[in-house]
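J.: Encoded as structure tokens, here's the structure I'll be asking about.
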Amino acid sequence: MTAITPQSGIMDIKLYQSGASGAEGQSNVLKLSSNENLAGPSPEAIDAYSRAGRGLNIYPPTDQIALRTAIGEVHDLDPERIICGVGSDEIITFLCQAYAGIGDEVLFTEHGFSMYRISALAAGATPVEVAERDRVVDIDAIVAGCTDKTRLVFIANPANPTSTMISVAQMSELAERLPPHVILVLDGAYAEFVDGYDGGASIVEARENVVMTRTFSKLYGLGGLRVGWGYAPQAIIDVLNRVRGPFNLSVPALAAAEAAVRDQTYADKCRADNARWRTWLAEALAALGVPSDTSLANFILARFATKVEANACDDFLKTQGILVRRVGGYGLPNCLRITIGDEAACKRVAHAVAQFKEDGETG
């Protein structure tokens, strides 16, 4: 009898490992492992979510027009060229499902977000990894890595987990140099943390081979609802909507996201607070001998001398009820990714790392 087997590539997928959410024996846990907004969502979003609960018996609108209109108005984009998904992860999945398959290649950089590889394999395509330069996307390496089989190129800007980014000019140059059969996907999950940055929307407007993805999970604090969106040429949006489930986002999720994006006063405050304490924590850790690249996201990538030291620090932080993220799976074994919290959270982290360093020197 023939054994039942999954599609080629599925069993090559390593299960996604999310950030830890609990520490054994600790009650006052500080979760800094998943780049969540510790301030939570806008009060306007919470109210909208609550009101939406009265209509849970009704299917959500398939066109998602209210949310797409709100996004378009806030970001000065054409709502007809916006698609909404279950986090930006689902937009990434749609792109791989629609444009890559067996015999095709999906390209990303060595420290790139793990969902690029997962979505490529799920579509039957071959994931291709190219080198970065000092934890920064290298557009020359990307262009050199493209072949006749390449269908999609993913870059996160700012990147996760490195927190670094390339300029708009470099992104434009990359889009120009890619072969005409390749789609460039600009993953802007952390774009809102960069003042004056449009996430690559202007590049999408200027070209037919560029897609931008964004999320409500980071700055807007709606990770628990899973809402993301993409902006692309109309022809690509028409393709993606053919594979999008008609009811992929719930009524409460749509309502909360619409309220969140319209409350830019709250978003601005979260952005400013993040920038302030991101700088403070980076400088505090650097003074302890733990450097990091200049971050343009809501986390820093703390670099230790060795993998052993990074893991030991992580173990110590857990004893203090502080959860951060090991990133050895991203090719950065000597690093810990630490989400930026409020003043109390950042000072708690700095104090704990200082204690770890002191114990190591005196132990």
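The values are calculated or read from the model by the stated rules, or taken from the named source; none is laboratory data. The shown structure was predicted, so the numbers you read here are calculated from the model rather than taken from an experiment. All Cβ positions, glycine included, derive from the backbone under ideal geometry; neighbour counts span all protein chains shown.
J.: Exactly one condition in (1) assigned to a loop (DSSP other than H, G, I, E, B); (2) crowded, with 19+ Cβ neighbours inside 10 Å; (3) among the aliphatic types (A, V, I, L, M) is false for Ile236; which is it?
T.: (1)
J.: Scan the range 140-160 residue by residue and report those that are among the aliphatic types (A, V, I, L, M) and either crowded, with 23+ Cβ neighbours inside 10 Å or not in a helix (DSSP H, G or I) (or both).
T.: Within the range 140-160, Ile142, Leu152, Val153, Ile155, Ala156, Ala159 qualify.
J.: Being of a type in the set (D, E, K, R), outside the structural domain of Tyr190 (by TED's automatic domain parsing), surrounded by 15 or more Cβ atoms within 10 Å (Cβ to Cβ) and farther than 22 Å from Ser114 by Cβ is the requirement here; does Asp315 meet it?
T.: no
J.: Going through Ala259, Ala253, Ala189 one at a time, which residue ends up being touching a residue at least 24 places away in the same chain (Cβ under 8 Å), farther than 26 Å from Ile155 by Cβ and in contact with a helix residue (DSSP H, G or I) (Cβ under 6 Å, 6 or more places away or on another chain)? Explain how you work it out, then say what you get.
T.: On the way: Ala253 fails: in contact with a helix residue (DSSP H, G or I) (Cβ under 6 Å, 6 or more places away or on another chain); Ala189 fails: farther than 26 Å from Ile155 by Cβ.
None of the other options fit; the residue is Ala259.
J.: On to the next question. Select, from Arg177, Arg226, the only residue that is touching a helix residue (DSSP H, G or I) at 6+ places or on another chain (Cβ under 6 Å), free of Cβ contacts under 8 Å to residues at least 60 places away in the same chain and surrounded by fewer than 22 Cβ atoms within 10 Å (Cβ to Cβ).
T.: Within the list Arg177, Arg226, the selection yields Arg177.
J.: Shifting gears a bit: If Val128 meets every condition in (1) assigned to a helix (DSSP H, G or I); (2) of a type in the set (A, V, I, L, M, F, W, C); (3) over 18 Å from the mean Cα position of the chain (by Cα) apart from one, which number is that one?
T.: (1)
J.: Of (1) touching a residue at least 24 places away in the same chain (Cβ under 8 Å); (2) surrounded by fewer than 19 Cβ atoms within 10 Å (Cβ to Cβ); (3) more than 21 Å from the chain's Cα centre (by Cα); (4) over 19 Å from Ala352 (Cβ atoms), Leu288 satisfies all except one. Which?
T.: Among (1) touching a residue at least 24 places away in the same chain (Cβ under 8 Å); (2) surrounded by fewer than 19 Cβ atoms within 10 Å (Cβ to Cβ); (3) more than 21 Å from the chain's Cα centre (by Cα); (4) over 19 Å from Ala352 (Cβ atoms), Leu288 violates only (4).
J.: Looking at this structure, is Phe304 more than 25 Å from the chain's Cα centre (by Cα), buried (at least 16 other Cβ atoms within 10 Å of the Cβ) and modelled with pLDDT of 95 or more?
T.: no
J.: Something else: Identify, please: which residue in the range 319-347 is in a helix (DSSP H, G or I) and surrounded by 19 or more Cβ atoms within 10 Å (Cβ to Cβ) and is, among those, modelled with the lowest pLDDT?
T.: Across the range 319-347, the extreme among qualifying residues is Tyr330.
J.: Being more than 30 Å from Ile13 (Cβ to Cβ) and outside the structural domain of Asn160 (by TED's automatic domain parsing) narrows it down to one residue among Leu323, Leu281, Leu296, Leu301; which is it?
T.: Leu281
J.: Within the bounds of the range 91-98, is there any residue that is aliphatic (A, V, I, L, M), part of a loop (DSSP other than H, G, I, E, B) and more than 19 Å from Phe216 (Cα to Cα)? I'd like the intermediate steps shown before the answer.
T.: Start the filter on the range 91-98 by keeping residues that are aliphatic (A, V, I, L, M), which leaves 91-92, 95, 98.
Filter once more, keeping what is part of a loop (DSSP other than H, G, I, E, B): none.
There is no residue in the range 91-98 that is aliphatic (A, V, I, L, M), part of a loop (DSSP other than H, G, I, E, B) and more than 19 Å from Phe216 (Cα to Cα).
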